[in-house]
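Contents: one structure, followed by commentary.
The values are calculated or read from the model by the stated rules, or taken from the named source; none is laboratory data. Quick caveat, the model's predicted, so the values are computed rather than measured. Here the Cβ positions follow ideal geometry from the backbone for every residue, glycine too, while neighbour counts run over all protein chains shown. SASA here: full protein model, heavy atoms, side chains in, ligands and nucleic acids out. Shrake-Rupley method; radii C 1.70, N 1.55, O 1.52, S 1.80 Å.
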Amino acid sequence: MNTRPAERVAKPTSAPSTVLVTGGAGFIGSHACVELLDHGYEVIVVDDHSNSTPQVFSRMERIAGRFVGAVYELDIRDRPALSAVFDRHSVDAVVHFAAHKAVGESTRMPIDYYDINVGGTTALLSAMHAHGVHQLVFSSSCSLYGDAGHGPLDEATPVAPTNPYANSKWLCEQILSDVCHRRPDFTVLCLRYFNPAGAHPSGLLGEDPCGTPDNLMPYVAQVAIGRQERLRVFGDDYPTPDGTAIRDYLHVMDTVEAHRVALDHLADGPGMRVFNLGAGKGSSVLEVIAAFSAACGRPIPYDVVGRRSGDVPELVADARAVARAWDWHPTRDLAAMCRDAWHFQQLNPHGYAGSARRPGTKE
Ligand code: NAD
Ligand code: WQD
């Protein structure tokens, strides 16, 4: 494993110095923490570890060569505990990843999803405002576009959330937009991710979902390593070239670099801005299988089964707005995502197992 501390790069002087990362132990959050540490930020994490393990923090330290400033195991809805974090640290900006994200689970537990995702966000806003912190980068999702149809989707595409998870993200966006409208001291950057995938190239950090993976890339990786027997391809009768559904996969390293760039752009002025975060290129399920097979050097056994309820044929980002605004461009392709996800899976065949993971609510 590569444990050499990364070379530190100076951050622009206008950028915030101390960043509170909610959900910093999770898949995207852990990679974001390393990215920020590598660029000289002080990083404070709050995470209740409902879908992550504290074991990631020693791995972050091995990569970045220094530890995050502080880690608080708390639920962001615990207002007194969250307020105490802001009392203790002089936070300049917040990157808010903490949420529950399993679409299927959200249809069975809608109240929990609204409570955690929306209630968590308003609790965070209250604590920020009470402590004079008004700069936020928010994790939103392409899922709020619903079944928007064929072709790349830009930010003006009408939203049509089809499940409580997606709706919770849309409600958060509306709340954040209204807060910015009424409180001009707030700056919020909403990033609508398409399908983040891959892992840190060191193999130390990656995607390690609780239970059986819902998402394609971690499932394929577990088939490749032998933890799952076969992949089920959900439908090959979509109106796409090979009949399987198309998504816009974005390397998690590109995803978190965009967050670091976002922090630089919080200084652009108050108000809320919304950007799609995707590669702008679609890949079908069969193309992902082929790319992963090439990366791991073995076939991925699969069966074609019926469509998964709620899936749409195609979701691809028109990501030109963020490229224009911030000169941010993803640099890693599907082959790199598969290579890095496979590297993580090989080095961690049972994920972060061995750590004392707490049971989460995820199925
Ligand atoms: P993740 O589950 O790996 O990370 C979320 C982290 O938040 C976990 O560590 C979890 O323990 C923590 N958390 C959850 N509820 C909390 C609470 N109430 N208080 C404190 N911590 C809490 O998920 P991820 O893939 O890293 O996603 C990060 C964010 O990006 C989420 O907001 C998600 O909705 C959004 N998003 C993810 C994807 C994706 O495909 N991964 C796509 C679009 C948007
Ligand atoms: C991708 C494609 C599946 C698993 C989800 C959320 C979305 C966003 C991103 C958070 C689909 C197919 C999958 C499997 C398969 N997350 N598939 N066999 O559904 O595009 O988006 O993650 O915001 O909100 O809904 O991602 O990785 O689950 O699926 O054939 O075992 O792979 O049908 O076409 P999805 P995914």
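Once amide H atoms are placed 1.01 Å from N in the peptide plane, what residues at a sequence separation of 5 or more from Val21, or on another chain, have their amide H within under 5 Å of its amide H? Under 5 Å from the amide H of Val21: Ile44, Val45, Val46, Val95. Cα centroids of segment 276-330 and segment 112-154: how far apart, whole angstrom? Each part reduced to its Cα centre gives a spacing of 23 Å. Charged side chains reduced to their Cβ positions (Lys and Arg at +1, Asp and Glu at -1) give segment 18-347 a dipole of some 200 debye around its Cα centre.
Shape analysis of segment 219-317 places it in the prolate category; the axes a ≥ b ≥ c from the Cα gyration tensor give an a/c of at least 1.5, with a/b above b/c.
Split the accessible area of segment 253-363 by element, probe 1.4 Å, and carbon with sulfur accounts for 53%.
The portion of the accessible surface of segment 118-164 made up by carbon and sulfur, rounded to a whole percent, is 57 (1.4 Å probe; DNA, RNA and ligands excluded). Annotation for Ala156 and Gln346: the two label points, set 7 Å from Cα along the Cα-Cβ direction, are 4.7 nm apart. Remark on Gln228: its backbone amide H falls under 5 Å from those of Val223, a criterion applied only to residues 5 or more positions apart or on other chains, H modelled at 1.01 Å from N. Under a 5 Å amide H cut-off, with hydrogens placed 1.01 Å from N, Ala197 pairs with Leu250, His251, Val252 among residues at least 5 apart or on other chains. Taken along its three principal axes, the alpha carbon spread of segment 58-197 comes to 47, 40, 29 Å, from the longest extent down to the shortest. Ligands, DNA and RNA are left out, and with a 1.4 angstrom probe the accessible area of segment 14-67 is 23 Å² per residue.
With everything on Cα atoms, drop me the angle between helix 79-88 and the longest principal axis of the chain, reported from 0 to 90° to the nearest 10. Tilt of helix 79-88: around 60 degrees.
Spin-label pair Ser90-Ala267: with each label point 7 Å from Cα along the Cα-Cβ axis, the two points sit 1.7 nm from one another.
Taking a Cβ cut-off of under 15 Å around Phe275, the surrounding Lys, Arg, Asp and Glu residues balance to a net charge of -4, with basic ones at +1 and acidic ones at -1. Determine which residues of segment 48-73 fall in the zone a paramagnetic label at Ala81 would reach in this model, i.e. backbone nitrogen under 19 Å from the point 7 Å along Cα→Cβ. Counting backbone N atoms under 19 Å from the label point, the list is 48-57, 69-73. Dimensions of segment 5-114 based on its C-alpha atoms, expressed as ranges along the principal axes with the largest first, amount to 45, 28, 23 Å.
Straightening the chain between Arg227 and Arg320 buys 29.6 nm, computed as 0.36 nm per residue apart minus the Cα-Cα spacing.
Would you mind classifying segment 18-347 by shape? Square roots of the alpha carbon gyration tensor eigenvalues, ordered a ≥ b ≥ c; an a/c under 1.5 is rounded, otherwise it is prolate if a/b is larger than b/c and oblate if not. Here segment 18-347 falls in the prolate category. In sequence order, segment 98-110 has phi-based couplings of 4, 5, 9, 9, 7, 4, x, 4, 5, 6, 8, 10, x Hz under the Karplus curve 6.51 cos²θ - 1.76 cosθ + 1.60, θ = phi - 60°, and Gly or Pro positions carry x. Surface analysis of segment 122-261 yields an accessible area of 34 Å² per residue, using protein heavy atoms and a 1.4 Å probe. Ranked from largest to smallest solvent-accessible area, with a 1.4 Å probe on the protein heavy atoms, Thr122, Thr18 come out as Thr122, Thr18.
Please list Arg332, Arg308, Arg339 in order of solvent-accessible area, largest first, computed with a 1.4 Å probe with all protein chains present.
I get Arg339, Arg308, Arg332, largest accessible area first.
Only helices enter the 222 nm calculation for the chain: every DSSP H run of n ≥ 4 contributes -39,500 (n - 2.57), and dividing by all residues gives -10500 deg cm²/dmol, rounded to 500. The stretch between Asp214 and Ser309 holds 32.9 nm of extra length on full extension. This uses 0.36 nm per residue minus the Cα-Cα distance.
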